[in-house]
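Worksheet: one structure, shown below.
Nothing in this text is a laboratory measurement; each read-out follows from the coordinates by a stated rule. Since this is a predicted model, take the numbers as computed values, not measurements. Note that we place each Cβ from the backbone using ideal geometry, even for glycine, and neighbour counts take in every protein chain shown.
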């Protein structure tokens, strides 16, 4: 009886795994099948208004890139504070908790917040509003990774630095950060991959436009928002373009993830 | 330099607090007109204001469905004990005319119920499958299979949610409608798409929790003659319990606040579900669909909704952190 139950359990568990993988495989399959058929040079050279995706792809990268550029110093510095200066105090724990809460706050709520503080006062959607929304989403992730990575730095390294008379600043920047650099970079890469696919916070902060634009103070083209708009259109061709965009977006996210994974593996071995 | 650097790091850390506090305060201030007007009743009110005609199809549908809705309500009692307390409220008010446009009523009950039920469906669907995957990867599968599948699962967890939404709209919705009947956009489809979305996330976290179980414990159980099932049931699960429950709660929070995967497939209709195959609405979707066209009181109402959602997710995370996810010192 026990052996039969055991057998049944193993079969059930394997079956569950198969079902889960089946769904996920199904998604990837349709994504590739629909995405690749629409892939052509036109997609990369034309703007959305002419049936391409050039402006929205560049726009999405600019928004996420700017958010990353601003997010790195803030996130890394906050992480350094938690690990190097904060010690074991209540404040440190409190800020750690806050950062975890922020990390799992619904992204649409971040969108409404930015809408209230940027879009309503300025009266229109803008690239900067999108940057701010993604920045808010991104910072807690970077804080978390920096915090975790610095925790791995052996205390002896810090002590050795201190012993030869280096200031805390020098020890942190030249020894601790250097030691943990690869890990932090991987974390930043993964954080970038996470925000580059965000749609909800951009819906009414950056909006999206069909034209080429590099002016962050006005409504800015966004790939994810465009996918949402395209996919809900009745026109077959538009939906197809939406699928192509979705395919390209997924590939981008997966490739960034793979690079991050590869980098962290190489470091370990 | 030393001082400056320390100040900088302090400021960055402080910024986290400022952002979070500012979010709460700004949402509250923006929602204030609505909070003053509707108070707590907002949570139990099922009508959503029919105001000046807008190009949102959801609104138009809502008017059409007014009749249908009153008949739907008889179903609610059987289906959902959960909102029984609010039942009087709903039926009392519902027969008043919505035409009196001078007094527009907004209520959050439909989106709140929609959010909770779509999340519950997602959990019912994803927990067994994700646990199956986690156990399969950590205990059953041979290393050479488990590793690539594990990596694939982690990669899948990073796919943007909008992709799941599109897939749900074009493939999964019709598929479910074929099996269970009903619409291609519905509460059921929304819940299942959410479920599929959180499976990789939950599976990866649970697998990590399971693999923290020391080999020694498992080996001693095997040495006593225990079968795999007994080892997993009596040794692995008790040991990894808090981590696994934590992963479920985090997935719950993630599913609850998810916008894009649901926006495509829930229908966006302010209507209670008679059966699970009817379209309804959820908080994030209301926010996503009607934010751009709103102003004045209707905008304030949306901020109220956002505040409610924020509080709900805050609660979930607080519970998860407090009870299950204590960081190891």
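For the reader, a short list of remarks on this structure follows.
- Counting 0.36 nm for each residue step from residue A:173 to residue A:97 and taking away their Cα separation leaves a gain of 24.8 nm.
- In terms of its alpha-carbon gyration tensor, the range B:150-211 comes out prolate; a/c meets the 1.5 threshold, and the first ratio a/b outweighs b/c.
- For the segment B:223-234, counting C-beta atoms of other chains within 10 Å of every residue's C-beta and taking the mean gives 3.
- Inter-part distance where the range B:199-238 and the range A:40-96 are each reduced to a Cα centre, Å: 37 Å
- Computed from the C-beta positions of residue A:61 and residue A:235 and an R0 of 22 Å, the FRET efficiency is 0.25 to the nearest 0.05.
- Ranked list, fewest to most other Cβ atoms within 10 Å of each Cβ, for A:69, A:56, A:43: A:69, A:43, A:56
- Cβ crowding within 10 Å, taken as a proxy for footprinting-reagent exposure, orders A:132, B:120 from fewest neighbours to most as B:120, A:132.
- Alpha-carbon centroids, the range A:131-153 and the range B:111-146: separation in whole Å: 27 Å
- Computed [θ] at 222 nm, helices only, for chain A once each DSSP H run of length n ≥ 4 contributes -39500 (n - 2.57): -23500 deg cm²/dmol
- With neighbours defined as other Cβ atoms within 10 Å of a residue's Cβ, the residues A:120, B:163, A:63 order from fewest to most as A:120, B:163, A:63.
- Shape analysis of the range A:194-262 places it in the oblate category; the axes a ≥ b ≥ c from the Cα gyration tensor give an a/c of at least 1.5, with a/b not above b/c.
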